[in-house]
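Notes follow once the structure below has been shown.
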Amino acid sequence: METSALNRIALRVVFALSLLAAPVVHASLLTFDDLEFSGTSSAGLPASQNYGGFAWDSKWSVGNTNKSGFTAAAQSGTQFLFNEGATRHLTVGRDTPFDFLGAWFVPPSASQMPTSFVRVTAYDAHNTLLGTSRYINITGGAWIDGSSFGNTFVGISRLVIDPFGGVFAMDNFSYRLPETVVTVNEAGSFVLLLIGFFCLWLVRRRGRTD
């Protein structure tokens, strides 16, 4: 094999090892399709089941697309959460900080007193206001992207989701937890890089002896 080809292989090895030493971050998604209930809706179910490891307040109801006025409420699957009775200031929190990455919001049909606007507000563990998304138009369905607001929704403890009057549905709640960040410690990273550079040295040494 030519020296130039060996060099390319060695460089690829070094690059691959450097990736192993980098943090790997995973997002999680709550679709609400694994919440079990009978009928077309159930009030307070996410709270009673501590769904997804989150603390949902009792204002949240779970529904499915068989419920009148909600046939298009789920972005994926058939189930979703909604604020039955047009309740306001619905909360979801967690004992450990999390990053809110986004969620799908959509109003039901006109027969269900739909809202056109939803606001998402973040608080830390000390109940300090971190920021808000402002009221966002969800007519026709909208993905509220937490990452589009800088660090407002990073390392939060509680979300307050507030409609501007009326009913909304929420689906595909996306978040990230600190423990899902996997890293190789500094000593391990150094060893991996040393292995890569050793491979590169061997290839170049062979090239000089050919």
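The values are calculated or read from the model by the stated rules, or taken from the named source; none is laboratory data. Keep in mind that what you see is a predicted model, and the values were worked out from it rather than measured. Counting neighbours? That spans all protein chains shown, and the Cβs are built from the backbone with ideal geometry, glycine included.
Tell me whether region 130-148 contains one or more residues that are assigned to a strand (DSSP E or B), crowded, with 20+ Cβ neighbours inside 10 Å and in contact with a strand residue (DSSP E or B) (Cβ under 8 Å, 6 or more places away or on another chain). Yes, region 130-148 contains a residue that is assigned to a strand (DSSP E or B), crowded, with 20+ Cβ neighbours inside 10 Å and in contact with a strand residue (DSSP E or B) (Cβ under 8 Å, 6 or more places away or on another chain).
A single member of VAL154, VAL92 is assigned to a loop (DSSP other than H, G, I, E, B), buried (at least 16 other Cβ atoms within 10 Å of the Cβ) and modelled with pLDDT of 95 or more, and it is VAL154. Within region 37-57, the residues that satisfy the criterion of being over 21 Å from SER68 (Cβ atoms) and in a loop (DSSP other than H, G, I, E, B) are GLN49, ASN50, PHE54, ASP57. Selection of region 169-190 for residues being more than 16 Å from the chain's Cα centre (by Cα) and either at pLDDT below 95 or over 14 Å from PHE32 (Cβ atoms) (or both) yields VAL182, THR183, VAL184, ASN185, GLU186, ALA187, GLY188, SER189, PHE190.
Taken over region 95-122, the criterion of being crowded, with 18+ Cβ neighbours inside 10 Å and hydroxyl-bearing (Ser, Thr, Tyr) is satisfied by THR115, THR121.
If the condition is being among the aliphatic types (A, V, I, L, M) and free of Cβ contacts under 8 Å to residues at least 24 places away in the same chain, then region 26-82 contributes LEU45, ALA47. Apart from one condition, ARG8 fits all of (1) charged (D, E, K, R); (2) modelled with pLDDT under 95; (3) part of a loop (DSSP other than H, G, I, E, B); the exception is (3).
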